[in-house]
Amino acid sequence: MVRSVKLRRMGGSVGATLPKGMAERLRLEAGDEVLAVETANGILLTPYDADLEEGLAIAAEAQKRYQGALRELAR
């Protein structure tokens, strides 16, 4: 499902409010943690998963470490 959400100022940050039906379908409640992942197509919000967060950190470190090699492989 694709829905438009409005960004609002929340203190020094910017936040988005999920529509009630979407939050219910995804079993998300106020106070739940989600991961925000920057992708080539935008932002992916996914329920918090410690294993996923650890995997993303490992991938980011590998990308940084092997940036030159990855750039050459992309040619």
I need a count of the residues in the stretch 28-59 that are of a type in the set (D, E) and modelled with pLDDT of 90 or more.
4
Looking at (1) at pLDDT below 90; (2) over 15 Å from the mean Cα position of the chain (by Cα); (3) among the acidic types (D, E), which one does E24 not meet, given that it meets all the others?
(1)
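The values are calculated or read from the model by the stated rules, or taken from the named source; none is laboratory data. Being a predicted model, the structure only gives us computed values, none of them experimental.
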